[in-house]
Amino acid sequence: MKGLIFTSFLSYIEEQFGLKFLDQMLDTVDVKSSGIYTTVGTYDHQELLKYIVHINSISKHEIPIMVEDFGYYLFTKLSNEYPKLIKQFDNSLDCIYHIDQTIHRNVRKIHLNAELPNMDAKFNDTKDQLILSYHSKRPFMYLAKGLIHGCIDYYNDDISVKMIDLSNGNSNKAKFILQ
Ligand code: HEM
């Protein structure tokens, strides 16, 4: 997983819980990278999951809610990092429709080793409902949910999101109905 996701996660933790909490988390959780990330590096996504499990074990924060909340925060970070990839769209449904074929496709060109999910988007005939299918080797469907909400708010749109969990408890497969 790209370092940008990790550096974003550490700033999210600092903003949410404070610098002292972040330092304690990095001291406690044993990861191969020792918690040192560069935006362009690549790291094991399990490190992210270890931090989240750690926070869950010492607080009342539920894992899916935390991952979704981070996804929401991450959208702003990604849109700041890759402004050109976002600015070409007029609204959130258009942006989300183009995640796989345009946004993530370009991310793959920039980072040859990017690990991205499979996403398939289809509009209905009247173009007011978008169905997005998410499938990944990694368990990040709640991250996708947060990113979707972040995208909707970025464009100030009023769209409802319904997530159907198809993952049998693995959090790696879901369908989103956006309307
Ligand atoms: C609603 C919008 C988006 C959704 C639902 C989405 C979904 C995801 C998810 C779920 C992942 C985690 C990897 C996995 O599940 O296998 C991911 C990774 C990533 N996405 Fe997106 N994404 C969105 C928008 C964007 C945008 C706007 C950008 C950049 C302009 C972007 C760039 C990336 C990058 C760099 C990664 C990390 C790849 C890696 O770790 O190797 N995404 N995306």
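What you get for the chain, charging only the Cβ of Lys and Arg (+1) and of Asp and Glu (-1), is a dipole of about 520 debye around the Cα centre.
Placing a pseudo-label 7 Å from each Cα along the Cα-to-Cβ vector at Lys84 and Asp157 gives an inter-label distance of 2.4 nm.
Return the single residue from Phe140, Phe70, Phe89 with maximal mean-square fluctuation; model: Gaussian network over the chain, springs between Cα atoms under 10 Å. Ranking Phe140, Phe70, Phe89 by mean-square fluctuation puts Phe89 first. Remark: relative contact order (the chain) = 21 percent; criterion is Cα-Cα distance under 8 angstrom and separation of 6 or more residues. Can you compute the label reach from Glu115? Point 7 Å from Cα along the Cβ direction, backbone N cut-off under 17 Å, restricted to the stretch 138-168. Counting only backbone N, you get 138-144. Note: the stretch 1-87, Cα convex hull, 92 Å³ per residue.
If you plug the beta carbon distance of Asn124 and Ile164 into 1/(1 + (r/R0)^6) with R0 = 22 Å, you get a FRET efficiency near 0.85.
Distance between the 7 Å Cα→Cβ label points at Lys137 and Leu26: 2.9 nm.
Within the shell of other residues whose beta carbon sits under 15 angstrom from the beta carbon of Asn124, the net charge comes to 0, with Lys and Arg scored +1 and Asp and Glu -1.
Using the Cα gyration tensor of the stretch 65-178, with a ≥ b ≥ c the square roots of its eigenvalues, what is the shape: rounded (a/c below 1.5), prolate (a/b larger than b/c) or oblate (neither)? Taking the square roots of the gyration eigenvalues as a ≥ b ≥ c, the stretch 65-178 is rounded.
Adding -39500 (n - 2.57) for every DSSP H run of four residues or longer, then dividing by how many residues the chain holds, sets the calculated 222 nm ellipticity at -15000 deg cm²/dmol. Near Gln179: Cβ cut-off under 9 Å, other residues only, Lys/Arg at +1 and Asp/Glu at -1. The net charge is 0.
For Lys32, the aspartates and glutamates whose Cα falls under 13 Å of its own Cα, not counting residues fewer than eight places away in the same chain, are Asp44, Glu47.
The stretch between Thr76 and Phe17 holds 19.4 nm of extra length on full extension. This uses 0.36 nm per residue minus the Cα-Cα distance.
Every read-out reported here was derived from the displayed coordinates using simple, explicitly stated rules and does not represent laboratory data. Since the structure is predicted, the reported quantities are computational estimates derived from the model, not experimental observations. Backbone-built Cβ (ideal geometry, glycine too); neighbour counts: all protein chains shown.
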